[in-house]
Amino acid sequence: MIRLACPSGCAVKVQIPYRLRGEPVRCRNCTAWFRAPAAIEDGGYLEGELLARPGEGEPLWRPPPAWSLPWRWLAAGTLLAAGVAVAVVAWGAGGQSTRKVAGKLECFVAREGGKRLRLPARHVRLEEPVTCEVSTAAPGKLAATVATRWKDVADGKRVAREGNPKRGEAGAAAPFRARLEPDADFVGCVDFVIEAKLADDAGKIVWQTKIAIAQDCPD
C-alpha cells in the first residue's frame, strides 16, 4: 500500500494499493484529481502529482502507469543467480571438467578364423571375451576407465549389476585396451551397456560415452 497527500493543499490523505499507483485518484474533499509520483515505493508516503484542479472534472487522458524499480525483487534475483552460479561451480568441481577432448570407444569379439565382430551387432549372443579399445588424440596421458552395467533377475525382481571396472591410460601415443570377461563383466543373453571415460590428472572427466549391447537368444 502507498499513501498520497492531496496536492491541492487540503488535508486529505489517500491510501491505495501499490499496483494502482499509476491510476488517477480523486480527492474526496476538494474533488481534485492526482496520481502517485513515479519515485514512490511500496509502503511510501508522498504528495500526489496534480492532474486536474478542483472543479475541472476528470482528466481527459489517463497517464501511463508510474513505476519504480522493484529493488527487493532485484536483490532477491541477484542472490538467487549467485546461488545458482555457486551450485554450478560446485557441480563442475565435483567431477566434470571444463576441458573437453575427443575420444573413441570401439569394442569387438574375435570369432573363428580371426575375424572381428564389431559391437554393437544384430542377432549376437556373446559367450566369448569382449575387447574394448579407448583412443584419443589428446596429448599426454589420460586416465581411462571401461565398465559394464546390466539388469539381472533375482527372486523375481530386476537387480542392477555391474562388472569390475577396467582402468588404465590412453593418449595419442597408445590407446587403452580392456578385456571384458563373460559371466563377470556381462552375462550371456542379457542386454548390457559398456561405458568408457577419460579423466585428467585431477580426476575430472573430460570425455565419456557408452555402447548399448542387445543380445539375441531365440532359444
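The values are calculated or read from the model by the stated rules, or taken from the named source; none is laboratory data. Nothing here was measured: the structure is a model prediction, and the numbers come from that model. Quick reminder, even Gly has a Cβ in these numbers, built from the backbone with ideal geometry, and neighbours come from all protein chains shown. Note: areas computed on protein heavy atoms with side chains; ligands, DNA, RNA excluded. Shrake-Rupley method; radii C 1.70, N 1.55, O 1.52, S 1.80 Å.
At a 1.4 Å probe radius, carbon and sulfur cover how many percent of the accessible area of segment 151-202?
Of all accessible area on segment 151-202, carbon and sulfur atoms account for 45 percent.
E169 versus A212, label points 7 Å from Cα toward the beta carbon: distance in nm?
Taking the simple label geometry, E169 and A212 are separated by 3.6 nm.
Around R149, with a cut-off of 11 angstrom between Cβ atoms, what is the net charge of the other residues, counting Lys and Arg +1 and Asp and Glu -1?
-2
Enter the Cα centre distance for the pair segment 114-140 and segment 7-32, rounded to the nearest angstrom.
Their Cα centres are 81 Å away from one another.
Counting only heavy atoms of protein chains, what accessible area per residue, in Å², does segment 105-201 have with a probe of 1.4 Å?
Here the per-residue accessible area is 59 Å².
To the nearest 0.05, how large is the calculated FRET efficiency for R179 and K151 if R₀ is 25 Å and r is the Cβ-Cβ distance?
For R179 and K151, the calculated efficiency is 0.65.
Once fully extended, how much extra length lies between R53 and L20, figured as 0.36 nm per residue of separation less the alpha-carbon to alpha-carbon distance?
Value of the extension gain: 9.8 nm.
Once amide H atoms are built 1.01 Å from N in the peptide plane, which residues 5 or more positions from Q215, or in another chain, come under 5 Å H to H?
When sequence neighbours closer than 5 places are left aside, the close amide H contacts are D191, F192.
Tell me, what ³J(HN,Hα) does each residue in segment 141-157 have, in order and in whole Hz, if you take phi through Karplus 6.51 cos²θ - 1.76 cosθ + 1.60 with θ = phi - 60° and put x for Gly and Pro?
10, 10, 6, 10, 9, 10, 9, 10, 9, 7, 10, 10, 10, 9, 6, x, 10
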